[in-house]
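Enquirer: After the structure tokens below, expect a handful of questions from me.
The values are calculated or read from the model by the stated rules, or taken from the named source; none is laboratory data. Worth saying up front: this structure is predicted, and the values here are computed from it rather than measured. Virtual Cβ from ideal backbone geometry, glycine too; neighbours counted across all protein chains shown.
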Amino acid sequence: MFILVRKSIFGSNEEYQDLDFDVNELVIGDTDNAHLNLDEIAQ
């Protein structure tokens with residue numbers, strides 16, 4: 001699944017950096033409970 005992450009640069013509301021990923025799993029945080037299975041979300 002293609003994921004686009006957009007983050008502000010230096011806290012600006014006008015400048016952003018786009019990062020794109022082609023992954024099957026997305027990790028948010030740093031614990032074992034932070035894993036999201038993207039195959040389930042895409043259906």
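Enquirer: Within the range 11-24, track down each residue that is of a type in the set (D, E, K, R) and in contact with a strand residue (DSSP E or B) (Cβ under 6 Å, 6 or more places away or on another chain).
Expert: ASP18, ASP20, ASP22
Enquirer: Being of a type in the set (A, V, I, L, M, F, W, C) and surrounded by 10 or more Cβ atoms within 10 Å (Cβ to Cβ) is the filter; apply it to the range 20-41 and report the residue that is modelled with the highest pLDDT.
Expert: Restricting attention to the range 20-41, the residues satisfying the condition of being of a type in the set (A, V, I, L, M, F, W, C) are 21, 23, 26-28, 34, 36, 38, 41.
When the remaining residues are screened for being surrounded by 10 or more Cβ atoms within 10 Å (Cβ to Cβ), the result is 21, 23, 26-27, 34, 36, 38.
Working: PHE21: 86, VAL23: 82, LEU26: 72, VAL27: 74, ALA34: 73, LEU36: 66, LEU38: 63.
In this case the residue turns out to be PHE21.
Enquirer: Just give me the residues in the range 1-12 being at pLDDT 80 or above and exposed (fewer than 10 other Cβ atoms within 10 Å of the Cβ), in sequence order.
Expert: PHE2, LEU4, ARG6, LYS7, ILE9, PHE10
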